[in-house]
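Mind having a look at this structure? Questions to follow.
The values are calculated or read from the model by the stated rules, or taken from the named source; none is laboratory data. All of these numbers come straight from a predicted model, not from anything done at the bench. Ideal geometry is used to build each Cβ from the backbone, glycine not excepted, and the neighbour counts take in all protein chains shown. In case anyone asks, the SASA skips ligands and DNA or RNA and just uses the protein heavy atoms, side chains included. Shrake-Rupley method; radii C 1.70, N 1.55, O 1.52, S 1.80 Å.
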Amino acid sequence: MHLLTKATTATAVLLAIPGVQGNLNQLAKAAGKLYFGSATDNSELSDSAYVNVLKNKDEFGQITPGNTQKWQYTEPSNGVFDYTQGDVITNFAEANGQILRCHNLVWHNQLPSWVSSGSWTAAQLTDVINAHIASEVGHYKGQCYAWDVVNEALNDDGTFRADVFYNVLGTSYLPIAFKAAAAADPDARLYYNDYNIEYSGAKATAALNIVKTIQAAGAPIHGVGFQGHFIVGGTPSQTDLTNVLNSFVALDVDVAYTELDVRFSSLPANAAGYAQQANDYGAVVGACLAVSRCVGITVWDFDDKYSWIPSTFSGQGEACLYWQNLTAKPAYYKVQSLLAAAATATSSVSSSTAISTIKTTSTPTTTLVTTISKTTVTSSTTKTITTAAAPTKTAAHWDQCGGNGWTGPTVCASPYTCKKQNDWYSQCL
Ligand code: G3I
């Protein structure tokens, strides 16, 4: 626990001091990111212990609906729209002051058969895509920080997936979808989202070409989502991850890790495995921290109890930051310490004049006993912190600048303007 004797805008600075524990989103923001978030799903929201962690916006400042914004839920029959289940998640996020990444609009999977098995002309399927996106993005207008507009268009060899969209429309469905999304919500950040594009190779190159194709067609694309479904010991190096992020940033798009988890390919895991998993998570977090246009990291749920892995990859799992009993793993502490270190570095560049006295604990010591992690607080110390410049009166790019209950700055640093995302969150864009 830490005690702030003087609550100032330097909160982030204080939390970032080595030995001070902080929540992941709090630390990510102090390190200059927009959020650290998690996916969730409707059935999980009846688990109160889980919800108590998920709803803490200091821990998870961003939520992605794991399923119920997908086409099979939102337009199960042609022209019949249903946002009942999607709204449960978006309402949850808004009630808790969490940013929404909305997921997804055009995807071959969880696509109702009336779309995937229809006999469409190009004009008909274009109308179907336009109507779907106009309705769904229109329904959530102003609520979604970002949309995964097109999801997983590529095969692993970099060729296009032969789904109904590509078979009927070729690559033209890409700009069609992005234009439709921009028309329905001009303020949403529009992403292409895929897996196995996080490291260099044919698929990453093909994803770069997707960005270029969309841009060449005059459609807006603001970001690329790197899902980040990795395997313990098989996660790409931080260098490779960083280089790939930078190759996308060179095309003037944001980047984000959107579905991060690192699974064991066989179980049970041992202490060495958990240590490796921590390093693997660390490589991904380190890559995002190294790239200023990496806006944030989303884990594809934070608790093994609700991971998608075991039902898809039999015998594999334990991919999340928390064990089933909501105990944090070594990977959690690795992520936390990297974010805290980055926040400290950030604060040394842009900190305030506040002089604050805080009581801190020492860095948690993690003891592994086969599958159980214990965090032991060994001592406590008092630190006096003197930092340098005046507190900022304006909010920086991406920072919060308004919303119900917001007491921070409401004016954005030039050239950004404060845009309302929802009743609880306005942001400098
Ligand atoms: O809702 C039904 C329930 O009524 C039924 O009893 C049950 C029986 O199997 O199925 C339930 O639906 C499942 C749904 O998740 C909700 O739990 C589906 O079977 C199951 O296939 C579906 O899996 C989802 C998967 O996408 C589908 O491809 C996962 O939860 C979801 O986490 C996963 O997410 C994807 C991203 O959208 C895109 N990137 C990859 C990622 C992981 O596969």
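For a paramagnetic label modelled at 7 Å from the Cα of Ala131 toward its Cβ, which residues of segment 88-122 fall within the zone defined by backbone nitrogen distances under 16 Å?
Under cut-off, by backbone N: 112-122.
While we're looking at this one, here's another question. Mind ranking 140-148, 264-272 by how tightly packed they are, going by the mean number of other C-beta atoms within 10 angstrom, highest first?
Top to bottom by mean Cβ count within 10 Å: 140-148, 264-272.
Can you give me the Kirkwood hydrodynamic radius for segment 51-159, using every pair of distinct Cα atoms, in Å to one decimal?
Final number for the Kirkwood radius of segment 51-159 is 14.9 Å.
While we're here: Would you mind calculating the gained length between Asp47 and Ala413 on full extension (0.36 nm times residue separation, minus the Cα-Cα distance), in nm to one decimal?
127.7 nm is the gain from fully extending Asp47 to Ala413.
Rounded to the nearest percent, how much of the accessible area of segment 24-347 (1.4 Å probe, protein heavy atoms only) is carbon and sulfur?
Values: 5270 of 10610 Å².
With neighbouring chains kept in place, the figure for segment 24-347 is 50 percent.
Just how large is the dipole of segment 174-218 about the Cα centre, in debye to the nearest 20, putting +1 at every Lys and Arg Cβ and -1 at every Asp and Glu Cβ? Display every interim value, and only then the final one.
Working: 4 positive and 4 negative charges, 33 e Å.
That gives a dipole near 160 debye.
Accessible area per residue of segment 32-115 at 1.4 Å probe, in Å²?
On the way: 2680 Å² over 84 residues.
Result: 32 Å² of accessible area for each residue.
I need the phi-derived Karplus couplings for segment 153-164: 6.51 cos²θ - 1.76 cosθ + 1.60, θ = phi - 60°, integer Hz, Gly and Pro marked x.
7, 10, 7, 5, 8, x, 7, 6, 5, 7, 9, 4
Report the label-to-label distance for Lys393 and Gln324 in nanometres (one decimal), using points 7 Å from each Cα along the Cα→Cβ vector.
So the two model labels end up 5.6 nm from each other.
So for the pair Ser314, Thr205, with labels modelled 7 Å out along Cα→Cβ, what separation do we get in nm?
The answer from the label model is 3.7 nm.
A further question on this structure: Go ahead and collect, in residue order, the members of segment 254-288 whose backbone nitrogen is under 19 Å from a label point 7 Å along the Cα-Cβ direction of Asn246.
Those under the cut-off are 254-257, 283-288.
On the full set of protein chains, 1.4 Å probe, figure out the accessible area of Phe160 and give it in Å² to the nearest 10.
Phe160 has an accessible surface of roughly 50 Å² with all protein chains in place.
In 5 Å bins starting at 0, how do the alpha-carbon pair distances of segment 253-303 split up by percent?
Pair shares across the bins are 5, 18, 25, 22, 15, 9, 5, 1.
Rg and Dmax of segment 24-347 over Cα atoms: what are they, in angstrom?
18.8, 58
Would you calculate the separation in nanometres between label points at Ala290 and Val88, each defined as 7 Å from the Cα along the Cα-to-beta-carbon direction?
The answer from the label model is 4.1 nm.
Between Lys305 and Ala216, what is 0.36 nm times their sequence separation minus the Cα-Cα distance? Round to one decimal in nm.
Numbers: separation 89, 0.36 × 89 = 32.04 nm, distance 4.33 nm.
This chain segment gains 27.7 nm when fully extended.
Collect residues whose amide H, placed 1.01 Å from N in the peptide plane, falls under 5 Å from the amide H of Asp254; neighbours closer than 5 in sequence don't count.
Result for Asp254 returns Gly223, Val224.
Moving on. Please list the equivalent ellipsoid semi-axes of segment 149-195, computed as the square roots of five times the alpha-carbon gyration tensor eigenvalues, in descending order and whole angstrom.
21, 13, 6
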